[in-house]
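Undergrad: Let me give you the structure first, and then I'll get to my questions.
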Amino acid sequence: MPTINKTSKPAPWKPKREPFENQEGRAWREALYNSWRWRKMAKAEILNEPQCAECARHGIVTTENLQRDHVNGFNDEHGFWFGERQTLCRWHNTQKAGKEGNKAKNAKK
């Protein structure tokens, strides 16, 4: 049976996909989040604040799938390490990231 070549050439009739605007910044952020220092600090902060902040505002106790979130985001390494943070469950962290992403897209238009 013939096999399909999985390395296809780009189709000339399709528009080229735009690269990420700030690929270097994205890699820099991923490196910070994947660092040993961040994982250790986030784990310690979750032990000190073991409940989702958003769930607590609604009177729900959520203590599983917790993640640390930068309340106001960050633009540099100092803001990453020393900015205000909170504990969120995975669902609320994803929701917040989606809202922030939509705000950034609407600001560009």
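Undergrad: Residues in the range 82-92: is at least one surrounded by 10 or more Cβ atoms within 10 Å (Cβ to Cβ) and either of a type in the set (S, T, N, Q) or at pLDDT below 90 (or both)?
TA: Looking through the range 82-92, at least one residue is surrounded by 10 or more Cβ atoms within 10 Å (Cβ to Cβ) and either of a type in the set (S, T, N, Q) or at pLDDT below 90 (or both).
Undergrad: Being charged (D, E, K, R) and in contact with a helix residue (DSSP H, G or I) (Cβ under 9 Å, 6 or more places away or on another chain) is the filter here; which residues of the range 46-91 pass it?
TA: Matches in the range 46-91: E54, E64, R68, D69, E77, R85.
Undergrad: Among the residues of the range 57-81, how many are in a helix (DSSP H, G or I) and either loosely packed, with under 15 Cβ neighbours inside 10 Å or among the acidic types (D, E) (or both)?
TA: Pass one, the range 57-81, residues in a helix (DSSP H, G or I): 57, 77-81.
So of that shortlist, the ones also either loosely packed, with under 15 Cβ neighbours inside 10 Å or among the acidic types (D, E) (or both) come out as 57, 77-79, 81.
Of the residues in that region, 5 qualify.
Undergrad: So, one more: When only residues in the range 1-56 that are among the basic types (K, R) and assigned to a loop (DSSP other than H, G, I, E, B) count, which is modelled with the lowest pLDDT?
TA: Here the residue is R17.
Undergrad: Can you find a residue in the range 57-69 that is more than 15 Å from the chain's Cα centre (by Cα) and either modelled with pLDDT under 70 or on the phi > 0 side of the Ramachandran plot (or both)?
TA: yes
The values are calculated or read from the model by the stated rules, or taken from the named source; none is laboratory data. Everything numeric here is computed off the predicted structure, so don't read it as measured data. All Cβ positions, even for glycine, are placed from backbone atoms using ideal geometry, and neighbour counts span all protein chains on display.
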